[in-house]
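All remarks here apply to the structure that follows.
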Amino acid sequence: MRVTMRDVAARAGVSLKTVSRVVNGEPHIRPETRDAVQVAIADLGWTPNAAARSLRTGRTGVVGIVVTELRRPLLAALVETLVTEADARGLQAAVEPVHRDDDRLAEIWAQRGVTFDGLLAVDLPRLPEPSGADGVPVVRVDVTEVSGHPGCDRVAADLEQAAELLARHLAVMGRRRPVQLGAGPLVARDDMPLVDLGGTPDRAAGYRAAQRAVVGHPGVDALVCATDEVALGALAGLHAAGLAVPEDVAVTGYGALDDGWFATPSLTTVDPEPATLARRAVDVLARRLAGGEEPAVDVRVPVTLLRRESTLGPGAR
C-alpha cells in the first residue's frame with residue numbers, strides 16, 4: 001500500500017502542514033516535533049517527492065491542478081487544456097482530483113511550496129485557507145462555481161453574461177414560461193421556477209427533472225438546464241413524456257459538449273470557452289511565479305451562445 005504524507009502525519013500525531021514544514025527544513029519547529037516526524041518517516045519508509053528535497057535550491061517546476069472530479073466532461077476538458085497551456089510554458093502539471101474529500105484537499109494544500117510551485121484550483125466550492133498568505137500562488141479557475149475567495153486570483157466564465165444571453169434568446173424565440181433544471185452555474189431569475197436535481201447533475205437527473213417540470217409547471221415552454229449532461233437527459237425525458245422539442249418545450253444547456261451536436265434535436269448551449277479560460281488562468285499563474293505582485297485579479301471570460309435546433313423551432317433557422 002502506498003504510504004502518503006497523511007500516514008506520516010497520523011503516525012507522528014501532527015498536522016499535514018507540520019510534516020511539510022519538517023520536510024522543507026523550515027525553522028521554528030520544536031525539536032521533539034521534528035524528531036517525531038522524522039521517526040514516523042523512517043518507520044513508514046516514506047520518501048518525500050524529489051521536488052520537495054530540491055526546494056531549498058530552486059523551484060520544482062511543477063504546478064498542481066486541483067479539481068473536484070474528472071467524471072464531468074466539461075471539467076475534464078478544462079483540465080486537459082490547462083495541462084496543455086502549462087506544458088507550453090515549460091511547467092509540469094500534476095492533476096489532483098479531490099472528490100470533495102476535505103482531508104485530500106488539505107494534503108494537497110500542505111504541499112504548496114514543497115511539491116508544487118503553485119496551484120490551479122478548478123471549480124472548488126471553497127479553499128482551505130486564504131491563498132497567497134505563504135507566497136505560493138493559487139489561481140481559481142471557475143467554469144461553473146460562482147463564489148470567489150479573498151486575496152485569491154480568479155479566472156472565471158462570465159455567468160452573468162451567460163444568463164443574459166439565454167434570457168434574450170428565449171424571449172426572441174417567444175418562450176415566456178421557462179423552468180430551470182438544477183441550480184447549476186446560471187442563477188435562476190426571480191420569476192423562473194427551479195426544479196432541484198436531487199443529486200449529481202447528470203443525464204439521469206435531467207431525465208427525471210424534466211418530467212417533474214412538465215407535471216409540476218403546466219404550460220412550461222422552455223427548460224434552462226444546469227449543464228449539457230442535464231439537458232441531454234431532459235431531451236430524453238421530454239420525448240418519453242410525448243413532448244416535442246422545440247415545438248412544445250425548448251431546451252438549453254451549458255458546456256458546449258460535442259454530444260450536443262449529435263442529439264436529436266441538436267442542443268442549444270452556452271460555450272464557456274474552456275480554452276480561453278485555461279490560457280488566461282495559466283497566464284496569471286505564470287506572472288505570479290515570475291514575481292508579479294499586483295493585487296489579486298478577477299478575470300471574467302466572455303461566453304458564447306451556440307444556437308441549435310433545441311430552441312429554434314419551426315421556421316426560426
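The values are calculated or read from the model by the stated rules, or taken from the named source; none is laboratory data. Being a predicted model, the structure only gives us computed values, none of them experimental. Cβ: placed from backbone, ideal geometry, glycine included. Neighbour counts: every protein chain shown. Heads up: the accessible areas ignore ligands, DNA and RNA and are worked out on the full protein's heavy atoms, side chains in. Shrake-Rupley method; radii C 1.70, N 1.55, O 1.52, S 1.80 Å.
Things to note:
- Criterion (over 18 Å from the mean Cα position of the chain (by Cα) and either of a type in the set (Val, Ile, Thr) or modelled with pLDDT of 95 or more (or both)) met by exactly one of VAL143, VAL138, VAL155, VAL195: VAL195
- Residue satisfying condition, being over 20 Å from LEU312 (Cβ atoms) and part of a loop (DSSP other than H, G, I, E, B), within set GLY174, GLY199: GLY199
- Screening the candidates PRO201, PRO246 for the property of being in contact with a helix residue (DSSP H, G or I) (Cβ under 8 Å, 6 or more places away or on another chain) and at pLDDT below 95 yields one hit, PRO201.
- Yes/no for GLU80 being at negative phi, crowded, with 21+ Cβ neighbours inside 10 Å and either β-branched (Val, Ile, Thr) or in a helix (DSSP H, G or I) (or both): no
- Flag: ASP87 matches the condition of being outside any loop (DSSP other than H, G, I, E, B), open to solvent by 30 Å² or more (accessible area, probe 1.4 Å), farther than 23 Å from ASP7 by Cα and of a type in the set (Asp, Glu).
- Matching option when the condition is open to solvent by 70 Å² or more (accessible area, probe 1.4 Å) and either touching a helix residue (DSSP H, G or I) at 6+ places or on another chain (Cβ under 6 Å) or polar (S, T, N, Q) (or both), among ARG279, ARG307: ARG279
- For the range 284-303, taking the residues that are open to solvent by 50 Å² or more (accessible area, probe 1.4 Å) and in contact (Cβ under 8 Å) with a residue 40 or more places away in the chain, the one that is nearest to THR268 (Cα to Cα) is identified as PRO302.
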